[in-house]
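Input: a single structure, listed below in structure tokens.
The values are calculated or read from the model by the stated rules, or taken from the named source; none is laboratory data. What you are looking at is a predicted structure, and each value in this text was computed from that prediction instead of being measured. FYI the Cβ positions are ideal-geometry reconstructions off the backbone, even for glycines, and counts take in every protein chain you see.
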Amino acid sequence: MKSITLKELIGSIIENARYIYIAANEHGLQEFHSYFMLEQGAVIEFPVYDDECLMELSPENINYMKQRFNNGNDLQKIEKAFIEGQKIEDIYFIYENGEIDFSNRAYIKLSNNTFITEQNFGPIGVTEIDLLIFTELEWIERVKRLQQNVKSYLKDVVSISNIS
């Protein structure tokens, strides 16, 4: 079965971006998910796992992702300006104690030196549930402040928390 790999994702251009926000899910938490239409027509979401395969292209997966994208909301104009038309240059995964941190989505580095990620779940009024957009400096400051260990898909594991 064909799949979209992380290797194929690098260099892809984001043609369009949308999101779905749920004010209170079945657990009483806010929920947020971003969806990206790539130039080649595939719809993806933020990677979580650093496995080579991002998504199997089964008819069920393709239909599900397209449905989520089509039912999603358009981004604000300013968010679109940072994301749409940009090439994916790298993906940074967050690690905790040498293991992938499944509670966080990966950071995606775009060709305009913007970094994007999302916060998916959280209590109402307490957590920033949203698509998050950072300049490179803001991203480095965030990673340091949160003491995140990140691994670049294209490079080795890097602990940006230790950058002076």
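Select, from 17, 24, the only residue that is assigned to a strand (DSSP E or B) and aliphatic (A, V, I, L, M). Step through it out loud before you land on a result.
On the way: 24 fails: assigned to a strand (DSSP E or B).
Result: 17 is the single residue among 17, 24 that is assigned to a strand (DSSP E or B) and aliphatic (A, V, I, L, M).
Filter the stretch 49-71 for residues that are touching a strand residue (DSSP E or B) at 6+ places or on another chain (Cβ under 6 Å), over 27 Å from residue 96 (Cβ atoms) and outside any helix (DSSP H, G or I) and give the result.
57
In this structure, is residue 119 free of Cβ contacts under 8 Å to residues at least 40 places away in the same chain and closer than 30 Å to residue 28 by Cα?
Values: free of Cβ contacts under 8 Å to residues at least 40 places away in the same chain: no; closer than 30 Å to residue 28 by Cα: yes.
No.
Pairs please, first residue from the stretch 9-21 and among the small types (Gly, Ala, Ser), second anywhere and buried (at least 17 other Cβ atoms within 10 Å of the Cβ), Cβ atoms under 6 Å, 6+ apart in sequence or on different chains.
12/38; 12/88; 17/36; 17/75; 17/83
Can you give me the number of residues within the stretch 76-104 that are closer than 18 Å to residue 119 by Cβ, of a type in the set (A, V, I, L, M, F, W, C) and surrounded by fewer than 17 Cβ atoms within 10 Å (Cβ to Cβ)?
The total comes to 2.
Within the set of pairs 6 or more residues apart or between chains, which connect a residue that is over 13 Å from residue 95 (Cα atoms) and without any contact (Cβ under 8 Å) to a residue 60 or more places away in the chain inside the stretch 43-56 to a residue that is surrounded by fewer than 18 Cβ atoms within 10 Å (Cβ to Cβ) and hydroxyl-bearing (Ser, Thr, Tyr) with Cβ atoms less than 8 Å apart?
Close Cβ pairs (under 8 Å, with a partner that is surrounded by fewer than 18 Cβ atoms within 10 Å (Cβ to Cβ) and hydroxyl-bearing (Ser, Thr, Tyr)) amount to 52/5; 53/3; 53/5; 54/3; 54/5; 55/3; 56/3.
So how many residues does the stretch 41-57 have that are out of contact with any helix residue (DSSP H, G or I) (no Cβ under 9 Å at 6 or more places or on another chain), at pLDDT 85 or above and within 19 Å of residue 2 (Cβ to Cβ)?
So the answer is 2.
Take the residues in the stretch 96-151 that are part of a strand (DSSP E or B) and charged (D, E, K, R); name whichever of them is nearest to residue 75 (Cα to Cα).
Taking the candidates together, the pick is 130.
Residue by residue through the stretch 1-47, note down the ones that are among the acidic types (Asp, Glu) and either touching a strand residue (DSSP E or B) at 6+ places or on another chain (Cβ under 8 Å) or surrounded by 13 or more Cβ atoms within 10 Å (Cβ to Cβ) (or both).
If the condition is that a residue be among the acidic types (Asp, Glu) and either touching a strand residue (DSSP E or B) at 6+ places or on another chain (Cβ under 8 Å) or surrounded by 13 or more Cβ atoms within 10 Å (Cβ to Cβ) (or both), then 8, 15, 31, 39, 45 are the ones that fit.
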